[in-house]
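Have a look at the structure below, then the notes.
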Amino acid sequence: MSTTPVPERTLPLRKARKSGAAHAPKRILVLGATSGIAEACIRLWAERGDSLYLVGRNADRLAVVAADARTRGATFVDSAVANLDDTGKHAEMLAHAINSLGGMDVALLALGVLGDQGEAERNFVAASQILHTNFNAPVSLLTWLGNYAAQRKAGTLAVLSSVAGERGRKSNYVYGSSKAGLTAFVDGLRNRIDREGVRVMTIKPGPVKTAMTEGMKGSAKFADVDAVAASLVKAIDKGTDVVYVPEIWRVIMCVIRMIPERVFKKLNL
Ligand SMILES: NC(=O)c1ccc[n+]([C@@H]2O[C@H](COP(=O)([O-])OP(=O)(O)OC[C@H]3O[C@@H](n4cnc5c(N)ncnc54)[C@H](OP(=O)(O)O)[C@@H]3O)[C@@H](O)[C@H]2O)c1
């Protein structure tokens, strides 16, 4: 897959509305822009005047997110409707998006499906669909974006994986294994291109209140999406390698990983 050269555009410095500090606007590509977590990040980026290119598969919801970003003060907003399962169209879509943005400082990959674990246990086609959207499609996007950013020796690739990828559990091991694969891929990509000046971020949220978790047992206690987005926007500015959000999940997963398998296999998790 070749990366098409795109012209670079610089954006004027503008005052961040909330902090009053000067903020150099970033050119941000969001893949899966109608995701609850992505939408909350987009609101913050728009408010500080960043430029946004939004990709999502639901045209109506995407139009609402784009209009909201314009209203909040984004310097530039463009969007494209795309089903990101269609990996054959990724190269053309990404080149077009980056051309429209005039370059790319940040790409956020937020697409993902939880899927139906029970159905995936009975039917490999259902399992394969989860693996395709959560692993194959991001791998295709990151292969192109990684090469693009490495050629320019700049950029941040922020990828939403999950704490679910850290240990397989009976309640969601198909989703969990797709995220385990994605985490390993992103970690390896960072090991390859961090030295080229590209920040590659593995983001591992614990449960967050979004459409994905709506109606789940205990969902009222899940993390607030705006608080999660505020942490992510900060971490993306810094280019932190591995982000647990909320941070307490770093400790929780450390404990969960240490439970001996002879005990773990008997738990109902
Ligand atoms: N919420 C959590 O508790 C949690 C925890 C850990 C990790 N994560 C991860 O964080 C990311 C964002 O999740 P979220 O919580 O914001 O859930 P969400 O609101 O359900 O967002 C998922 C997004 O992925 C999009 N998507 C799925 N398949 C796609 C495809 N083939 N092409 C284009 N877009 C596609 C969905 O589009 P449609 O709206 O069109 O369906 C939706 O916008 C996901 O990768 C998820 O696995 C979430």
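The values are calculated or read from the model by the stated rules, or taken from the named source; none is laboratory data. Just so it is clear, the model here is predicted, and its values are computed rather than measured. Don't worry about glycine lacking a Cβ; one is built from the backbone with ideal geometry, like all the others, and counts go over all protein chains shown. Ligands, DNA and RNA are excluded from the accessible area calculation, which covers all protein heavy atoms including side chains. Shrake-Rupley method; radii C 1.70, N 1.55, O 1.52, S 1.80 Å.
Miscellaneous remarks
- Residue that is crowded, with 16+ Cβ neighbours inside 10 Å, more than 13 Å from the ligand (Cβ to nearest atom) and of a type outside the set (A, V, I, L, M), where the choices are 202, 240: 240
- Test result for residue 109, in contact with a Leu (Cβ under 9 Å, 6 or more places away or on another chain) and near the ligand (Cβ under 10 Å from one of its atoms): yes
- Residues within the range 53-96 that are part of a loop (DSSP other than H, G, I, E, B) and over 17 Å from residue 109 (Cα atoms), tallied: 3
- Flag for residue 74 being modelled with pLDDT of 95 or more, among the small types (Gly, Ala, Ser), more than 24 Å from residue 204 (Cβ to Cβ) and more than 18 Å from the chain's Cα centre (by Cα): yes
- Selection within the range 74-90 - within 16 Å of the ligand (Cβ to nearest atom), open to solvent by less than 60 Å² (accessible area, probe 1.4 Å) and of a type in the set (Val, Ile, Thr): 87
- Within the range 131-161, considering residues that are β-branched (Val, Ile, Thr) and either more than 10 Å from the ligand (Cβ to nearest atom) or out of contact with any helix residue (DSSP H, G or I) (no Cβ under 7 Å at 6 or more places or on another chain) (or both), the one farthest from residue 235 (Cα to Cα): 133
- Answer residue from the range 177-199, given it is small (Gly, Ala, Ser) and surrounded by fewer than 21 Cβ atoms within 10 Å (Cβ to Cβ) and is farthest from the chain's Cα centre (by Cα) among those: 197
- Residues in the range 53-73 that are in contact (Cβ under 8 Å) with a residue 40 or more places away in the chain and more than 8 Å from the ligand (Cβ to nearest atom): 53, 73.
- Hey, residue 150 within 15 Å of the chain's Cα centre (by Cα), open to solvent by less than 30 Å² (accessible area, probe 1.4 Å) and not polar (S, T, N, Q) or not: no
- Test: residue in the range 213-222 that is touching a helix residue (DSSP H, G or I) at 6+ places or on another chain (Cβ under 8 Å) and more than 10 Å from the ligand (Cβ to nearest atom): no
- Residue match in the range 132-144 (condition: open to solvent by 40 Å² or more (accessible area, probe 1.4 Å), β-branched (Val, Ile, Thr) and in contact (Cβ under 8 Å) with a residue 24 or more places away in the chain): yes
- Of the helices (runs of 4 or more DSSP H) lying entirely inside the range 202-269, the ones with 3 or more residues being among the small types (Gly, Ala, Ser) are found at 225-238.
- All of (1) buried (at least 20 other Cβ atoms within 10 Å of the Cβ); (2) over 25 Å from residue 45 (Cα atoms); (3) more than 14 Å from the chain's Cα centre (by Cα) hold for residue 167 with one exception: (1).
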